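In what follows, a structure is listed as structure tokens, so that the remarks can point back to it.
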Amino acid sequence: MEEKKVYYTTTKDFELFTSESKIWIERLGLKEWEWTFLHEKLKNTRAEYVSCNESKMVDVTLNTEFSFPFDEEEIRRVAFHEVCEVFLNEFRIMTENYYTKTIVNKEIHTVIRRLENLIFKV
């Protein structure tokens, strides 16, 4: 069985991720949140966010490992994606009262992918 190749993100990648996130935080007006950026190993994702809506605190983590080669454009896209997740978080919470998490998550990611394809090269 062939081993999966792992591509590691660097401190420079993390700095780009953080600075790009801050650009989108500013553009989308998400200043009511307290943002913390982390660079840690995650499972099965490029990045993730964990938020507390009541206190408006959010941790955004860039994975130290990717399963595919990436470039600066991909890091920028990942940063944009995670900020959009927070941007749409209230929508997620409200709609989960009426729909399953799977349906809500799918539709939120449909919106984010459309925005990514609009802003970044496809």
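With the requirement that a residue be outside any strand (DSSP E or B) and in contact (Cβ under 8 Å) with a residue 60 or more places away in the chain, what does the stretch 54-85 give you?
Correct list: 67, 68, 69, 70, 75, 76, 78, 79, 80, 82, 83, 84.
Within the stretch 86-97, track down each residue that is farther than 21 Å from residue 117 by Cβ and not in a helix (DSSP H, G or I).
Correct list: 96, 97.
Quick check on this structure: which one of 107, 26 is more than 25 Å from residue 12 (Cβ to Cβ), charged (D, E, K, R) and open to solvent by 50 Å² or more (accessible area, probe 1.4 Å)?
None of the others qualify; the one that does is 107.
Each row is one residue, and each column tells you yes or no for (1) modelled with pLDDT of 95 or more; (2) open to solvent by less than 20 Å² (accessible area, probe 1.4 Å); (3) under 15 Å from residue 111 (Cβ atoms); (4) under 15 Å from the mean Cα position of the chain (by Cα).
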residue: 54; (1), (2), (3), (4): no, no, no, no
residue: 59; (1), (2), (3), (4): yes, no, no, yes
residue: 62; (1), (2), (3), (4): yes, yes, no, yes
residue: 65; (1), (2), (3), (4): yes, no, no, yes
residue: 73; (1), (2), (3), (4): yes, no, no, yes
residue: 76; (1), (2), (3), (4): yes, no, no, yes
residue: 80; (1), (2), (3), (4): yes, yes, yes, yes
residue: 89; (1), (2), (3), (4): no, yes, yes, yes
residue: 92; (1), (2), (3), (4): no, no, yes, yes
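Could we say that residue 14 is assigned to a strand (DSSP E or B), open to solvent by 30 Å² or more (accessible area, probe 1.4 Å) and either touching a residue at least 24 places away in the same chain (Cβ under 8 Å) or hydroxyl-bearing (Ser, Thr, Tyr) (or both) here?
Judged against the criteria, residue 14 is not a match.
Residue by residue through the stretch 38-52, note down the ones that are open to solvent by less than 40 Å² (accessible area, probe 1.4 Å) and either at positive phi or not in a loop (DSSP other than H, G, I, E, B) (or both).
47
Look through the stretch 110-122, keep the residues that are part of a helix (DSSP H, G or I) and not charged (D, E, K, R), and return whichever of them is most open to solvent (accessible area, probe 1.4 Å).
118
Enumerate the pairs (first residue in the stretch 106-119 and more than 16 Å from residue 91 (Cα to Cα); second residue anywhere and of a type in the set (A, V, I, L, M, F, W, C) and outside any helix (DSSP H, G or I)) with beta-carbon separation below 9 Å, excluding pairs fewer than 6 apart on the same chain, so at least 6 apart or on different chains.
That search, which allows pairs on different chains as well, returns 116/122.
Quick one: is residue 41 in contact (Cβ under 8 Å) with a residue 12 or more places away in the chain, over 21 Å from residue 88 (Cβ atoms) and of a type in the set (Lys, Arg)?
Spelling it out, residue 41 is indeed in contact (Cβ under 8 Å) with a residue 12 or more places away in the chain, over 21 Å from residue 88 (Cβ atoms) and of a type in the set (Lys, Arg).
The values are calculated or read from the model by the stated rules, or taken from the named source; none is laboratory data. Everything quoted here is computed from the prediction, not taken from an experiment. Don't worry about glycine lacking a Cβ; one is built from the backbone with ideal geometry, like all the others, and counts go over all protein chains shown. With ligands, DNA and RNA removed, areas are computed over all heavy atoms of the protein, side chains included. Shrake-Rupley method; radii C 1.70, N 1.55, O 1.52, S 1.80 Å.
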